[in-house]
Amino acid sequence: MIRNSFEKVIDIVIIVLIGIFSLFCVVPMIHIFALSFSGNRAIMSGEVFLWPVEWNFHSYSAVFGNASMMRSLVITVILVATYTAVALAMTIMAAYALSRRNFKGRNIMFGLIIVTMFFNPGIIPNYLLIKELRLLDSPMSLILPLMINAFLLIIMRTSFTGMPNELEDSAWIDGCGHFRFLLRIVLPLQLPILATIGLYSAVDRWNMFQDALFYISDKDFYPLQLKLYQMVINSQVNDATAQEGFNAATPIPQGIQSASIMFATLPILLVYPWLQKYFISGMLTGAVKG
């Protein structure tokens, strides 16, 4: 296809805009990375921007030597793995049931699920529910309320619905039951969708801290993001208290804060390259089929 000059100019403009937007996303992370490897004097004097000044590993030594930080990392990894497995299992079963042709009332049930995307009971009703279920200070409070994401369920159901009916009919003729058909035929053909749902669920749970802030008061069960949130908030409170002339607790150095941010961000970033090809194809499959 021959492209005229105007279309080429449009392509260049789009590429430039995307590049600028990408810089806005990448530059803050590079700055945090530089701070985490810089000396405290250079940080306090404002000499650090995109490259470390006075290279050292003191901040990371402090982070890795902090027992509570490592405990939060272990808790978060276990929490993310458990939540992802539970969310995948629940989403698979719900999507499969809602995609069956002979399931009466599936459209009504699917509509009720979609309604939950637009109406949320709010923080207080959710807290009261968790309290009545006696899940406060329990890791289950961070898993059970979020087992199914309506948006991800729509993607998986759409993909399941797009499977050829002849494939299902031939499976029934061969004596295949629902569970065998799901495990032996459907799921092996839906690896991109499974990777997409799993990645979404893992990233959401890894980055989430608000529910833990409300439901978890025992510091031994703090996930990593809540630990990081409190570290940053406490430092800001100490700075404000010091400016007002009151005695403040010893603030956490900015280098350690930056190292903690990198410590909490890098693990989930390392997952993306392994699942990127499945993620892209899964999103396209779930959006187009049906």
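The values are calculated or read from the model by the stated rules, or taken from the named source; none is laboratory data. All figures in this text were calculated on a predicted structure; none of them were measured in a lab. Cβ coordinates were reconstructed from backbone atoms using ideal geometry, including for glycine residues, and neighbour counts include every protein chain displayed.
Scan segment 162-175 for residues that are assigned to a helix (DSSP H, G or I) and either loosely packed, with under 14 Cβ neighbours inside 10 Å or within 26 Å of the chain's Cα centre (by Cα) (or both) and jot them down.
N165, E166, L167, D169, S170, W172, I173
Hey, which of the helices (runs of 4 or more DSSP H) in segment 176-238, taking only ones fully inside, have at least 1 residues that are touching a Pro at 6+ places or on another chain (Cβ under 9 Å), under 30 Å from F64 (Cα atoms) and assigned by TED's automatic domain parsing to the domain that holds T84?
Answer list for segment 176-238: 191-207, 210-215.
Suppose we keep only residues that are of a type outside the set (V, I, T) and farther than 20 Å from I268 by Cβ within segment 183-198. Which one would you say is surrounded by the fewest Cβ atoms within 10 Å (Cβ to Cβ)?
So the residue we want is P188.
Only one of I185, I148 is aliphatic (A, V, I, L, M) and within 25 Å of the chain's Cα centre (by Cα). Can you tell me which?
Step by step, each of I185, I148 is checked, and only I148 is aliphatic (A, V, I, L, M) and within 25 Å of the chain's Cα centre (by Cα).
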